[in-house]
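Single-structure report; data block below.
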Amino acid sequence: MRRPAFSRAVWSWCLYDWANSAFATTVMAGFFPVFFKQYWSAGADPVASTGRLALANSAAGLALAVLGPWLGAAADQGSARKRFLAAFALLGLAATSAFAAVPSGAWILAVGLYILASIGFSGGNIFYDALLTRVSPPEDYNAVSARGYALGYVGGGLLLALNIWMVGQPGRFGLANAADAVRASFVLVAGWWLVFSLPLWRWVPEPLEPGAERGWSLFGAGLRRLQTVWRELRTAGRPVLLFLAAYICYIAGVFTIMRMAVDYGLALGLSSRSLLLALLLTQAVGFPAALAFGMLGRRLGARPALLLAIVIYALVTLGGMNLRSAGDFFLLAAGIGLVQGGIQALSRAWYATLISRDSAAAFFGLYDLTGKLAIAAGPLLLGAAALAGRHFGLAGDQASRLSLSVVLLLFALGAAFLMINPLEPHGRRPGHH
């Protein structure tokens, strides 16, 4: 079997995952939720601060759900995917660095900056994902996409480890206290994001297409192009629609498990430091696992590899239903790391083979919209199941554990939609090569 070629353009594309994963690990998953509750919302009711953060996430997600497909279509029309990526990345890293100047108690300013930073991070990924079709042939999508996720685990994990060290021993770094260390960490994330983005902007090609729109006119052209994309979506028919149906199901289960893991850790009484160490464990396991799933996708095809990842996630869910100790929690974190990068890398790669290369950014705007709907739907279904369990007389702990059966159902539906999809990646019908 031919080994995929990793050119300078491919490595430069992959390094952007190394760059912006620092935001996902240190800010989104690591320090921001704790710092927001303990510093920027100091003295506030814990339930109120949690609600504020949830609204911030919802606002950022809603903005991208509405604007993502349109901006993607505009980028396609202007051969401007790199320019749009640069704009969103600069928005994200500027807002992230500004966290360092937000004083204690200024939760409104912190929320506003978090919304901007989240839009910069997630919005940039629309155009980053679309550039996969520019740096690699379709037969290498699995390997290249997995390499990007793997580097993201390393880059995000290395900076998170440094930041945890800074917070644990601020004096060693010339900082007065842990709060100063957290503020310095936000600035480091912004610098890391900027520096490791530079190779993509320098070496990833995006030639100007004939008839490409320029200036402000590309936004109007984007609206017109979006209408064409909807027609292309209908023409593409069952393969794309079935994939998106599968994706919204199983990725809703993925995101729900990722969020439930933290909740379970807090319920077990683990310290914030232990939770951060568990996050590091996920990063460490995720690096080789993402590469391994890329190899599986290349050798077996994306469908079998994705189905294997879904089965492992279902086993993690069953483990979560029987979680009893801190040791169980770390095993759960390792299980998530085993498949988290692989399932997302293979999903991105398979989707890229099903869509039009010339409309990649617009189609990835729809892909991002599907992911945003999944993020909202999974926890909503989980909460509804827990409330139903309480209504029928189950104790709180029993109702919470039973509600995870909804996640198992989501994984089962996702697997079913994948299995009935008539096209393999690269347009092959099952059983025909």
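For the range 107-119, the criterion of being farther than 22 Å from Gln340 by Cβ and among the small types (Gly, Ala, Ser) is met by at least one residue. Out of Leu188, Leu162, Leu226, one residue alone is aliphatic (A, V, I, L, M) and modelled with pLDDT under 90. It is Leu226.
Filtering the range 157-177 to residues that are without any contact (Cβ under 8 Å) to a residue 24 or more places away in the chain and within 28 Å of the chain's Cα centre (by Cα) leaves Leu158, Trp165, Met166.
Within the range 120-138, identify whether any single residue is over 30 Å from Trp350 (Cβ atoms) and either in contact with a His (Cβ under 6 Å, 6 or more places away or on another chain) or outside any helix (DSSP H, G or I) (or both), and answer yes or no. No, because not a single residue in the range 120-138 is over 30 Å from Trp350 (Cβ atoms) and either in contact with a His (Cβ under 6 Å, 6 or more places away or on another chain) or outside any helix (DSSP H, G or I) (or both). Is it the case that the range 13-30 has a residue that's within 22 Å of Ala150 (Cβ to Cβ), over 18 Å from the mean Cα position of the chain (by Cα) and not charged (D, E, K, R)? No; the residues of the range 13-30 include none that is within 22 Å of Ala150 (Cβ to Cβ), over 18 Å from the mean Cα position of the chain (by Cα) and not charged (D, E, K, R).
Checking the range 330-337 against the condition returns a match, with at least one residue being without any contact (Cβ under 8 Å) to a residue 24 or more places away in the chain and of a type in the set (Gly, Ala, Ser). Applying the criterion of at least 2 residues that are open to solvent by less than 10 Å² (accessible area, probe 1.4 Å) and modelled with pLDDT under 85 to the helices (runs of 4 or more DSSP H) found wholly in the range 20-101 leaves 46-77. If I filter the range 114-134 for residues that are farther than 19 Å from Ala184 by Cα and out of contact with any helix residue (DSSP H, G or I) (no Cβ under 8 Å at 6 or more places or on another chain), do I get at least one hit? So far as the range 114-134 goes, no, none of its residues is farther than 19 Å from Ala184 by Cα and out of contact with any helix residue (DSSP H, G or I) (no Cβ under 8 Å at 6 or more places or on another chain).
For the range 119-128, the set of residues classified as open to solvent by 10 Å² or more (accessible area, probe 1.4 Å) and not aromatic (Phe, Trp, Tyr) consists of Ile119, Ser122, Asn125, listed by residue number. Ala377 falls short on exactly one of the conditions (1) of a type in the set (A, V, I, L, M); (2) open to solvent by less than 50 Å² (accessible area, probe 1.4 Å); (3) at pLDDT 85 or above; (4) closer than 30 Å to Leu85 by Cα, and that condition is (3). Just one of the listed residues (Val154, Val111) is among the β-branched types (Val, Ile, Thr), surrounded by fewer than 23 Cβ atoms within 10 Å (Cβ to Cβ), more than 19 Å from the chain's Cα centre (by Cα) and in a helix (DSSP H, G or I), namely Val111. Annotation note: of Ala352, Ala333, Ala314, Ala362, the sole residue that is within 19 Å of the chain's Cα centre (by Cα) and within 30 Å of Arg273 (Cα to Cα) is Ala333. The number of residues in the range 192-206 that are within 19 Å of Ala101 (Cβ to Cβ) and either open to solvent by 30 Å² or more (accessible area, probe 1.4 Å) or modelled with pLDDT under 95 (or both) comes to 2.
The values are calculated or read from the model by the stated rules, or taken from the named source; none is laboratory data. Everything numeric here is computed off the predicted structure, so don't read it as measured data. Reconstructed Cβ throughout: ideal geometry from the backbone, glycine too, with neighbour counts over all protein chains shown. What goes into the accessible areas is simple: the full protein's heavy atoms, side chains included, and nothing from ligands, DNA or RNA. Shrake-Rupley method; radii C 1.70, N 1.55, O 1.52, S 1.80 Å.
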